[in-house]
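Working notes for the structure below.
The values are calculated or read from the model by the stated rules, or taken from the named source; none is laboratory data. Because the structure is a prediction, the values reported are computed rather than measured. Every residue, glycine as well, gets a Cβ built from its backbone with ideal geometry; the counts of neighbours run over all protein chains shown.
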Amino acid sequence: MKVAVIGTGYVGLVAGACIADMGNDVICVDKNIDKLEQLKQGVIPIYEPGLDELVQSNIEENRLIFSSNIDMAVKTSQICFIAVGTPQEEDGSADLQHVFDVAESIGRAMNGYKVIVNKSTVPVGTAEKVSEIIKENTTYPFDVISNPEFLKQGNAVDDFLHPDRVIIGSNSEKATHIMQELYAPFFRTGNRVIIMDTKSAELTKYASNCFLATKISFMNELANLCEKIGADIEQVRVGMSADPRIGNKFLFPGIGYGGSCFPKDIKALLNTAAENNYDLSIIKAANTVNKKQREIFINKITEKLGDNLSGKTIAVWGLSFKPKTNDMREAPSVTIINNLLEHNAKIKAYDPKAIENAKLYFGNEIEYSENAYSALDGADALLLLTEWNEFRRPDFDRIKSLMKTPLIFDGRNQYNTKSLANLGFTCIQTGITNS
Ligand code: NAD
């Protein structure tokens, strides 16, 4: 099949490469010319396990090409994905300008029946608006599908190639059939395509992200209570997880969620609710708790080290918003480090992949370390902010010999506080009082 993917970011690039890998001809379009030039040279602008090889091999097989020419891409394709960003407006609503710009360009370029697929996360009713914009610019027939994306950064290629489910929001049998054909090779064992109307598909994406964010905030609230009553949230978590109705995912307390999706999608859904005079009180609370969680972590640091951190060196392990990505958007590290800088701390940070992106946030206000251990030299405290695998079982004797004080603020509850206490460390976590 011939496919155009417009917007070559985390979602568009992964989708384009994976769809090409199934034997389709894919043109990935972007308006960022520098990015396209890099991609044409085989340089991948984001870190995503497995993506490099996938893009390379599909370029070599001539199934994947990159272009800034949206007109050509639409004219040569039967299916056009819209995968541009939908950032947050000041009032929290989703900014749909990029989506509407692309819809207009698609409308102008139409030369026959096409399926326009909205992959960006967009508020309910956007498929209808996209449809209106295209209709204003063409007389050719088309259908607009809502096909929200559920990939997880850090595991995006695998998620796209082996999806739990593919949601197709469609009001047209013909377009549904074409989409089923496109996705069929991804489901060799059991078809997990779920067909619904476009509005429900648009809401399913927000509902899923808001639910996951709420799980995290729920656990963080309980963890905070554990600290007050002397219970251990890790033991509570294990007990809860044994119930299959609850499951064991997204129950980890700590410094809360970040990234380009959860915070933005929560605000967009709250906005949609407000516009419709409905108060989504649980989701509002999830957002409030998440913000508070970062403050609580910072307070633990200043309680221990004092309000004025001048003369104190703080080592930071992990800057990206989660492991296996270099994405720093809405990362807890940004709020926490900026706050500690305001308290005059000296920060020495290390991240396996996000240092270059971190420089866009902190410039030369912090020191960047070449490896995990060099960040610890003379440190008064270590903050674990992102649970990369390489931080899981570090050499604690070496850590102790490098630090000025054996003090760890474990923002992801990664370490065993009792074993660390035996080694002479103080390890402060979330929801655990025996540290
Ligand atoms: P991104 O910022 O990484 O990429 C967006 C790309 O679109 C950029 O390269 C930008 O240059 C390009 N673009 C913008 N306007 C354009 C135009 N008019 N023509 C051509 N290209 C244009 O964004 P992303 O993280 O890939 O997210 C895209 C959408 O997918 C968002 O709605 C997001 O909420 C959603 N989503 C993201 C994830 C994720 O994990 N990142 C997961 C699921 C859904």
Say we look at region 258-313 and pick out the residues that are among the acidic types (Asp, Glu) and more than 30 Å from GLU149 (Cα to Cα); which of these is surrounded by the fewest Cβ atoms within 10 Å (Cβ to Cβ)? ASP307
Sort out which residues of region 226-250 are over 18 Å from ASP164 (Cβ atoms), touching a residue at least 12 places away in the same chain (Cβ under 8 Å) and not small (Gly, Ala, Ser), and write them in order of number. CYS226, GLU227, ASP232, ILE233, GLU234, VAL236, ARG237
Please go through region 141-163 and give me each residue that is assigned to a loop (DSSP other than H, G, I, E, B), charged (D, E, K, R) and away from the ligand (no atom under 12 Å from the Cβ), ordered by number. none
Every residue from region 99-140 that is more than 12 Å from the ligand (Cβ to nearest atom) and either modelled with pLDDT under 95 or more than 14 Å from VAL74 (Cα to Cα) (or both): VAL124, GLY125, ALA127, GLU128, LYS129, VAL130, SER131, GLU132, ILE133, LYS135, GLU136, THR139
Test result for VAL3, surrounded by 17 or more Cβ atoms within 10 Å (Cβ to Cβ) and out of contact with any strand residue (DSSP E or B) (no Cβ under 6 Å at 6 or more places or on another chain): no
Total residues in region 164-180, condition part of a loop (DSSP other than H, G, I, E, B) and in contact with a strand residue (DSSP E or B) (Cβ under 9 Å, 6 or more places away or on another chain): 4
Assess whether LYS31 counts as being over 21 Å from PHE142 (Cα atoms), of a type in the set (Lys, Arg) and modelled with pLDDT of 95 or more. yes
Selection from region 367-419 of residues among the hydroxyl-bearing types (Ser, Thr, Tyr) and in a strand (DSSP E or B) yields TYR368
Residues of region 267-300 being among the hydrophobic types (A, V, I, L, M, F, W, C) and within 17 Å of PRO253 (Cβ to Cβ), in sequence order, are ALA285, ALA286, VAL289, ILE296, PHE297, ILE298
